[in-house]
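Note sheet for the following structure.
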Amino acid sequence: MSASAQPWPDECTGAVSLTFDDGVASQLELAIPLLNRYGLTGTFYVNPRDDYATQLLPWREAAQQGHEVGNHTVNHPCSKNFAFISDNNRKALEEMSLDDIEREIVEAGRRINEAIPEQGPVSFGYTCYQPFVGKGPTRQSYVPVVAKHCVAGRGKGERPNDPRYCDLWYLWSTPCERMTGAELVGVAEQAPAQGRWAILTFHGVNDGHLHVAAADLEELCDFLARNRHRIWTAPVATVAQRVADYQRSF
């Protein structure tokens with residue numbers, strides 16, 4: 001992609017990326033068919049576990065439909081403050097080093113690339129939005145590790161990303177669990193109103209943890225499809241590469 005004097009294509013005045021974490025079944029069953037119906041593409045952050053070749057088969061089909069299958073580590077480490085980490089004796093971010101998290105990212109990337117070789121560079125979704133390893137005096141950001149291996153990193157933040165200044169390797173996103181359709185549209189509408197890039201984060205659809213109702217997600221998809229002339233909806237890696245070109249142009 002050549003350097004662009006504008007961050008968004010055509011007549012668009014903002015961008016939206018729809019992201020989904022953890023590769024849960026309802027995303028394959030409900031979210032992807034819904035996005036496909038409206039001609040939209042999103043980013044799906046997966047954890048390619050032991051039987052990753054089988055696990056990633058349906059995700060390869062999603063990638064072939066234009067969706068991004070992104071890196072979310074192999075084992076999904078988070079802070080020990082989360083019960084699902086501490087109660088199950090899982091290794092926590094506080095107990096990890098930069099080398100440990102780099103192995104997680106590199107191996108997840110290797111597995112995704114092996115299963116979906118045609119996809120190309122992908123973005124990273126910070127597990128539990130947390131970009132650190134260690135504790136207290138040993139706590140360190142692993143954002144530079146993500147920058148080494150991925151084209152972008154999606155974290156958590158307060159508002160849509162300013163294409164002039166955003167850190168591509170720790171992009172701000174809005175958690176959207178249990179939001180109504182009107183609330184989701186309101187988050188997305190900030191993008192063209194501010195000339196920015198809004199990233200929305202989802203998990204389960206209709207069920208599971210941190211879920212959103214399918215009807216509310218559909219209301220958002222309908223809005224984005226009807227407003228594609230002014231809002232560019234695309235996967236994180238796609239938007240990030242254009243924004244990188246834009247930032248290099250000044």
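No value in this document is a laboratory result; all are computed from the given coordinates. Because the structure is a prediction, the values reported are computed rather than measured. Backbone-built Cβ (ideal geometry, glycine too); neighbour counts: all protein chains shown.
Observations, loosely collected:
- In the stretch 31-95, GluC sites (Glu not before Pro) in a DSSP loop with at most 15 other beta-carbon atoms within 10 Å: none
- Rounded to the nearest 20, the Cβ-based charge dipole of the stretch 1-146 about its Cα centre (Lys and Arg +1, Asp and Glu -1) stands at 260 debye.
- Using just its DSSP H runs of length 4 or more, each adding -39500 (n - 2.57), the chain gives a mean residue ellipticity at 222 nm of -10000 deg cm²/dmol after division by all residues.
- Each other residue within a Cβ distance under 13 Å of Phe44 adds +1 if Lys or Arg and -1 if Asp or Glu, for a net charge of -3.
- Seen from Ile112, the other residues with C-beta closer than 11 Å to its C-beta sum to a net charge of 0, counting Lys and Arg as +1 and Asp and Glu as -1.
- Treating r as the C-beta distance of Lys80 and Glu177 and R0 as 25 Å, the FRET efficiency rounds to 0.65.
- Charge-dipole axis of the stretch 14-248 as Lys and Arg at +1 and Asp and Glu at -1 on Cβ define it, positive-most pick from Val212, Ala147, Thr174: Ala147
- Using 0.36 nm per residue and subtracting the Cα-Cα separation, the extra length available between Ala5 and Phe250 on full extension is 87.4 nm.
- DSSP beta bridges in the stretch 14-248 [antiparallel fraction, %, rounded to 5]: 10
- Point-charge dipole on Cβ atoms (K/R +1, D/E -1) for the stretch 1-65, about Cα centre, debye to 20: 80
- With only the Cα atoms considered, the stretch 14-248 has a convex hull volume of 122 Å³ per residue.
- A straight Cα-to-Cα reach below 24 Å connects Lys80 with the lysines Lys91, Lys135, Lys156, residues fewer than 8 places away in its own chain not being considered.
- Anisotropy class of the stretch 203-250 from Cα gyration tensor, a/c 1.5 cut: oblate
- In this calculation the C-beta distance from Arg139 to Leu57 is compared with R0 = 51 Å, giving a FRET efficiency of 0.85.
- Remark: relative contact order (the stretch 33-148) = 28 percent; criterion is Cα-Cα distance under 8 angstrom and separation of 6 or more residues.
- The charge dipole of the chain, taken about the Cα centre with unit charges on the Cβ atoms of Lys, Arg (+1) and Asp, Glu (-1), comes to about 600 debye, rounded to the nearest 20.
- Folded to 0 to 90 degrees: helix 214-226 orientation relative to the chain principal axis, Cα: 50
- Between Arg90 and His209, the simple label model (points 7 Å from Cα in the Cβ direction) yields a spacing of 0.6 nm.
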